[in-house]
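The structure appears right after this line, and notes come after that.
Each value in this text was obtained by applying a stated rule to the coordinates, not by laboratory testing. Note that the structure is a prediction, hence the values are computed from the model and not measured. Heads up, the Cβs are rebuilt from the backbone with ideal geometry, glycines too, and the neighbour counts pull from every protein chain shown.
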Amino acid sequence: MDQTHKKSSTGMLALAALGVVYGDIGTSPLYAFKEAFAHGMTPTEPNVLAALSALFWAMTLIISIKYVWVVLKFDNEGEGGVLALAALANRSTRGTAHRTLLIATGGIFAAALFYGDALITPAISVLSAVEGLSIATPAFEKFIIPITVGVIAGLFMIQRRGTGSVGKLFGPVTLLWFAALAVLGALSIAQTPTVLQAMNPMYAINFAIEHPSAMFLLLSAVFLALTGGEALYADMGHFGAKPVRLAWYGLVCPALLLNYFGQGALVLRSADAIQNPFYLLAPDWFTLPLVALATAATVIASQATISGAYSMTLQAMRMGYLPRLYILNTSDSQRGQIYIPSVNWAMLTGVIILVFQFGSSSALAAAYGIAVSGTMIITTLLTIFVTLMLPGRTRIFLLLALATFGLLELLFFSSNLTKVASGGWMPLALGLILFVMLSTWKRGSVLIAEQRRKIDIPMSAFISGAMPEVPRVPGTAVYLTADPSMVPSALFHNLKHFKVLHERTLFLHVVTADVPYIPQEQRLEVKQLAPGMIDVAVHFGFRQETDIPAALQGLAAHGLELEPMTTTFFIARSNVVDGPGGMAAWRCALFSWMTRQSEGAASFFNLPANQVVELGTKVML
C-alpha cells in the first residue's frame, strides 16, 4: 500500500512539474525549428535532415544526459539553481579566498544572466503563440502586438493574488499541450517517415564538414530548442529529482522530438511551410483552438520564469547580494509562493519594451540564447568544482562528461555571439548591469562591516568593563546586529544618549546558511554572556522567510519568554556617504541608492511596528 501511494505521489508531482519545470522548453517548438531557416539556409532535404539531426543530438546530450541525468544529482539539500550550486561548490571546495571569490563571481554573473532570460521568455513565448492568429487569417495581423501586450500585462497584474489556485491548472493544461505536440508531430511523421533518418548523427556531422560556417550559424537556432533547460535544475526543489526525470523521459522529451520531427516532415513535403511549420502542422479547423492552447502554455511558461525570478531574488537577498526588498507571501500553506512588487513591475516594464522594440518572435530569437548558454557554461564549471571534491574513480568519468558538455556549450555560446548586433547585446548588457549591482551591494556590505569593526566596541570589552557601571531599567531590549563580536551601533548610541541598559538585553543576529532550509529544532543558538546579557543566533536557510518573532517563540525552550508589552527591538539604519573607503565614487553612489531602495529591517524581519526603535548611523565608504 505504501509503495502504491509513493508511486501515486511521484506521478502527481511529475504532472505538477510539467507546467512549472517544463513550461519554457515546452514552448520552444513554436519558434525553434523555423529559426534554423530564418537566416538564409534553404529548406532542402539535406538541410532539413541536418538541422533535425543537430537538434536531436543537442537535446539528447545537453538536456537528457547533462541536466536530467547528471546535474540533478548535484542538489544543495534538495534545492537547485545556479546560486544554490554556487553555495554548494563553495562549501565543497573549502579552498582559498581566491577560489571562493571565483565561485561567487561565477554564481553572481549566472544569476544576472538569468534575469535577461526571465525578461525574454514571456515576450518571445507569448508573441510566438499569438502569431498563430495570422496563420488562421491575415486580418488578425495588426492585432498581434496589442493582444500580446494585453496577455502579458494581465499575467503580471495577477501576481499579487498568488499562483496557488491558477497553478492547479498548470499540470493538466501542459499535459494537454504536450499531447497535442506529440499527436500533431506523429501524424506528420506517418506521412513522411523518411524524416526519422535525421536521428543518425552523420547528417549533422557531414553538414558541419561540408558547410562549417553554415553549421556554426545553425547552432544558435538549434540552441533555441534547449532554452528552458536551466529551469530543470532551478525548479527541482519544488518537486524533487525523481518526478522531474519521470516527466522528462516519460512525456516531455518524446513529445518535443515528435513535434520537431513532424515539422521537419512537413517541410520535406512542402518547403513553403517553413514560414510557420508549427501552426501549419494543424488542420485548418484546429488552428484557432491551437492558438488558444499555445497562448495558455506560453502564459504558464512565463509564470514559471516570473516565479523563478522571485526565487532567485529571494536567494540573492539571503546570501547578501541584494538589499532587502518587500516580499509578500501569497500562500498560508505552501512555502516558496512569494510576490516581490519591485521585481514584478520592473519585469513587466522590461517585457513590454521588448515586445514593442522587436515586434516579432523571429526578431526576439536573435536576443535569446546568449543569456541561457552563458548560464549553462557557468553551471557546468560549478558542477566541475563540486565533482573535483568527490571521492573515488567515478569522478573521472563525470569530469570527462562535463568537459564534453562544456565544449558543446562553448560552441553554442560562440554561435549565439554572432547575434549580438541584431539584439543579443540586450541580455548581455542587462546581465552586466545586474552583475555590477549585485557585486557592488556585496562589496559595500563587506566594507560597512569592516568600518563598523574599526569604530565599534568589542563585545568582550563591553561585557567585562563598561556594562556594570550602567544603570538598568525594566523590560527586554533586542538589538539586531550583523556581527556578534561587536557591540551593535544602536546600543552604542542608546548608551551615549540615555545612559541606561534594560534588565534583559538580547543581541540577535541572523545566520543565513548555505543550505535551503534549517529545521525548527536547529533554529536558535542561545549563549549567556553575562547576567541579563544574552547572545541569540537565529539560523535560516537561504530559501526560508526570516520571520524573527516566529523564530523567537522558540526561546521558551531555553527558559526565556519575551513579553510583547515590555520588549523593544532596536535597529540601526545606515546612511552611506562617499569617503576615503575602498569603493569608487560611482559605486558608492550606486550602493547608497540601493540602500535607499532597501526595505527597512523592521518590515523585512516582520518585527511588530509598535515595538521598534530605529537609530540612524552615518558610514563613509
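Run through all the Cα pairs of the range 456-620 and give the fraction in each 5 Å bin from 0, expressed as whole percent.
Cα pair-distance distribution for the range 456-620, in percent: 2, 7, 16, 20, 19, 16, 11, 6, 2, 0.
Mind checking the log10 I(q)/I(0) for the range 484-536 at q = 0.28, 0.32 Å⁻¹? Debye, one equal scatterer per Cα, no solvent, two decimals.
These q points yield log10 I(q)/I(0) values of -1.19, -1.32.
So for the chain, averaging the separation of alpha carbon pairs under 8 Å that are six or more residues apart and normalising by length, what relative contact order in percent results?
Across the chain, relative contact order equals 20 percent.
Return the FRET efficiency for the residue pair PHE356, GLU561: r is the Cβ-Cβ distance, R0 is 56 Å, and the value is rounded to the nearest 0.05.
Calculated transfer efficiency: 0.45.
Strictly greater than 21 Å: what percent of every Cα pair in the range 267-407 meets that?
Percentage above 21 Å: 67.
Select from the range 248-333 those trypsin sites (Lys or Arg not before Pro) which occupy a DSSP coil region and have at most 13 other Cβ atoms within 10 Å, ordered by residue number.
Counting only loop positions with at most 13 other Cβ atoms within 10 Å, none of the trypsin sites (Lys or Arg not before Pro) in the range 248-333 qualifies.
Tell me, what is a quarter of the convex hull surface for the C-alpha atoms of the range 369-488, in nm² with one decimal?
Spelled out: convex hull of the Cα atoms, projected over all directions, averaged, 13.7 nm².
Could you compute the FRET efficiency for PHE216 and ARG453, with r as their C-beta to C-beta distance and R0 at 35 Å, rounded to 0.05?
0.10
Among the trypsin sites (Lys or Arg not before Pro) in the range 438-538, which ones are in a DSSP loop with at most 11 other Cβ atoms within 10 Å of the Cβ? Mind listing them?
Qualifying residues, ordered by number: LYS499.
Picking from GLY541, ASN610, GLN597, whose Cα lies most toward the positive end of the charge dipole for the range 456-620 (charges on Cβ: Lys, Arg +1; Asp, Glu -1)?
It is GLN597, whose Cα lies furthest towards the positive end.
Restricting to the chain, what percent of DSSP beta bridges are antiparallel, rounded to 5?
So the antiparallel bridges in the chain amount to around 25 percent.
Treating the Cα atoms of the range 33-160 as identical point scatterers in vacuum, please give the log10 of the normalised Debye intensity I(q)/I(0) at q = 0.09, 0.10 Å⁻¹, two decimals.
Each listed q maps to, in turn, -0.50, -0.60.
Suppose the Debye formula is applied to equal point scatterers at every Cα of the range 10-443; what is log10 I(q)/I(0) at q = 0.07, 0.11 Å⁻¹?
With one equal scatterer per Cα and no solvent, log10 I(q)/I(0) is -0.31, -0.80.
Of ALA297, PHE170, SER460, which is farthest on the positive side of the dipole of the chain, counting Cα position, with +1 on Lys and Arg Cβ, -1 on Asp and Glu Cβ, and the Cα centre as origin?
SER460
For the Cα atoms of the chain, what angle does the longest principal axis make with the long axis of helix 253-269, in degrees from 0 to 90, nearest 10?
Taking the Cα atoms of the chain, the angle to 253-269 is about 30 degrees.
Once R0 is set to 60 Å, what does the formula 1/(1 + (r/R0)^6) return for the Cβ-Cβ distance between LEU175 and ASN610, expressed as a FRET efficiency to the nearest 0.05?
Plugging the Cβ-Cβ distance into 1/(1 + (r/R0)^6) gives 0.75.
Do the sum for the chain: with -39,500 (n - 2.57) for every DSSP H run of n ≥ 4, divided by all residues, what is the mean residue ellipticity at 222 nm, to the nearest 500 deg cm²/dmol?
Calculated at 222 nm, the ellipticity per residue is -18500 deg cm²/dmol.
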